[in-house]
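K.L.:
Let me begin by handing over the structure; questions about it come next.
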Amino acid sequence: MIDDTFAVLKYPLTTEKNVKLMQNENKLVFIVDRKSDKIQIKKAAEELFKIKVAKVTTSILPSGQKKAYLKLSPETPAMDVATQLGLL
């Protein structure tokens, strides 16, 4: 359980595959704190970026890092958010 909203999301991932996810599936991908749960990840993203998150999926990488896929609601285009973050 993490109390600090800023500590949950560490940094966004921008690989070629993740850019395709942004374009085709309206998803953003972040490396998140290992101790954070899906509810905390959703809340942190919505507070920090003023977006509406529809679904959060997480996975643990072989390196031990936790990756979160944020499926955004249709009224929030992932490409717009990525542009605001300076990813594209």
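Read-outs throughout are calculated quantities, based only on the coordinates presented, and are distinct from any laboratory measurement. Computed from a prediction, not measured in an experiment: that's the story for all the values here. Cβ sites come from the backbone with ideal geometry, for glycine too, and all protein chains shown count toward neighbours.
K.L.:
Using 0.36 nm times the number of residues separating LEU48 and LYS35, minus their current alpha carbon distance, what extension gain do you get? Write out the running numbers ahead of the final one.
P.N.:
Details: separation 13, 0.36 × 13 = 4.68 nm, distance 1.87 nm.
Extending this stretch completely gives an extra 2.8 nm.
K.L.:
Sticking with this structure for a sec: Determine ³J(HN,Hα), in whole Hz, for all residues of segment 63-79 in sequence, where each value follows from phi through the Karplus function 6.51 cos²θ - 1.76 cosθ + 1.60 and θ = phi - 60°; x replaces Gly and Pro.
P.N.:
With coefficients 6.51, -1.76 and 1.60, one gets 6, x, 7, 9, 10, 10, 9, 9, 7, 8, 5, x, 7, 10, x, 4, 5 Hz.
K.L.:
Starting from one equal scatterer on each C-alpha and no solvent at all, send me the Debye-based log10 I(q)/I(0) for the chain at q = 0.11, 0.12, 0.23, 0.25 Å⁻¹, two decimals.
P.N.:
Listed by q, the Debye log ratios stand at -0.26, -0.31, -1.18, -1.37.
K.L.:
Using 7 Å Cα-to-Cβ label points, what is the SER63/GLN84 separation (nm, one decimal)?
P.N.:
Computed distance between label sites SER63 and GLN84 equals 2.7 nm.
K.L.:
Follow-up question, since we're still on this one. Output wanted: per-residue J couplings in Hz (rounded whole) for segment 26-35, from phi through Karplus 6.51 cos²θ - 1.76 cosθ + 1.60, θ = phi - 60°, x for Gly and Pro.
P.N.:
Karplus-based 3J(HN,Hα) across segment 26-35 equals 6, 10, 10, 10, 10, 8, 10, 5, 4, 8 Hz.
K.L.:
Which of the aspartates and glutamates could a cross-linker span from LYS17 if the Cα-Cα distance has to be under 20 Å and same-chain partners fewer than 8 positions apart are dropped?
P.N.:
Partners within reach: GLU25, ASP80.
K.L.:
Also, quick follow-up: If we count other beta carbons within 10 Å of each Cβ, what is the order of SER59, SER36, SER73, fewest first? Walk me through the numbers on the way to the answer.
P.N.:
Values: SER59 9, SER36 20, SER73 12.
Exposure proxy ranking, most exposed first: SER59, SER73, SER36.
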